[in-house]
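Accompanying notes for the structure given below.
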Amino acid sequence: MKKIIFALFALASVLTASANSSSDTTITTLNDIIAMESQSKTNNDNSARLRDIWSQNTYLNISYDITKLSSKEFPGTSGLIDNEFDNKLGVGLQWGHTFNFHKKPLGSVLFIGLDYTWMDFNYNSYDSSANPAGYTTGEQMLNMPWHHKKTSIDYGMSAGPSLTLYPFTSVNNSGAQKLRLQLYFHVGYDIGATFIHDVVNREGDKKTQTTWGHGLMTSFGANLSWSFIGVGYELRNANNLNYKHVDSQYDTGKLKLKQKMSRVYLQFRF
């Protein structure tokens, strides 16, 4: 009888220990599951936030332009005159989009893409300058007085490679992850017109005369932005603009102009 009671007691002890062990295992496994689900939700939230930041690839730039207009072919008395003009006011507007070649950044920090700027509009005004030595009006054709006050507008489109860096992607900080640095180089085409004021025609009347031109341009720059807003700098060169006079009273030959522009801009991204 004692042996039976002892055996039953031993069996009960084993079953109790097994139940406790099973209960402990269940609790540990449940905690692990909760922890895994919490981590998964955190990762998903972070991935969604990063995708939203990476998707802000459309840009709108409002710029202040410093522009130099120059040529070695301005009309003169006995030949061509080399002269240049600095603008007194210049503003610009750029609108475009970056098309990245991959969905996730290389090394978690770098996107390689192609920029397409479908609108590059600029306005510049110039004060009159001293009458250049050797300048006069012609006998058969009137020379355009480029040293007078003038305003210019131009419109261009461009495309080119860009590198976009998110240096703090791996940092678990939503504010730092929004920091973006972009470097780019663009090639495009520009069409513009320059309006020269107070030009005296053959009848002795003062009028505004129009010249227009076109040509290739290149630009390179960089911008630093946080979330949807940033600042940038760009240097743009159009070294071979072909300009012609509209009015037949004036020399109708082609004029080679150079336009060098540096721009500081405020950028909006969406």
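Per the listing Lys244, Lys260, the residue uniquely in contact with a Lys or Arg (Cβ under 8 Å, 6 or more places away or on another chain), touching a residue at least 12 places away in the same chain (Cβ under 8 Å), within 19 Å of Val91 (Cα to Cα) and surrounded by fewer than 17 Cβ atoms within 10 Å (Cβ to Cβ) is Lys260.
For segment 64-86, give me each residue that is within 15 Å of Phe121 (Cβ to Cβ) and either open to solvent by 10 Å² or more (accessible area, probe 1.4 Å) or of a type in the set (Asp, Glu) (or both).
Taking segment 64-86 first, the residues within 15 Å of Phe121 (Cβ to Cβ) are 64-65, 67.
Listed by number, the residues that qualify are Tyr64, Asp65.
Somewhere in segment 107-119, is a residue closer than 18 Å to Gly90 by Cβ, in contact with a His (Cβ under 9 Å, 6 or more places away or on another chain) and of a type in the set (D, E, K, R)? Checked against the condition, which is being closer than 18 Å to Gly90 by Cβ, in contact with a His (Cβ under 9 Å, 6 or more places away or on another chain) and of a type in the set (D, E, K, R), segment 107-119 yields no hits at all. Against the condition in contact with a Leu (Cβ under 9 Å, 6 or more places away or on another chain) and open to solvent by less than 30 Å² (accessible area, probe 1.4 Å), how does Tyr189 come out, does it pass? Considered against the rule, which asks whether it is in contact with a Leu (Cβ under 9 Å, 6 or more places away or on another chain) and open to solvent by less than 30 Å² (accessible area, probe 1.4 Å), Tyr189 comes out as no. Considering only residues of segment 92-121 that are crowded, with 17+ Cβ neighbours inside 10 Å and not small (Gly, Ala, Ser), which is modelled with the lowest pLDDT? Filtering segment 92-121 for residues that are crowded, with 17+ Cβ neighbours inside 10 Å and not small (Gly, Ala, Ser), the one modelled with the lowest pLDDT comes out as Pro105.
The values are calculated or read from the model by the stated rules, or taken from the named source; none is laboratory data. Everything numeric in this text was worked out from a predicted model, so none of it was measured. Heads up, the Cβs are rebuilt from the backbone with ideal geometry, glycines too, and the neighbour counts pull from every protein chain shown. Please note that ligands, DNA and RNA were not included when accessible areas were found on the heavy atoms of the full protein model with its side chains. Shrake-Rupley method; radii C 1.70, N 1.55, O 1.52, S 1.80 Å.
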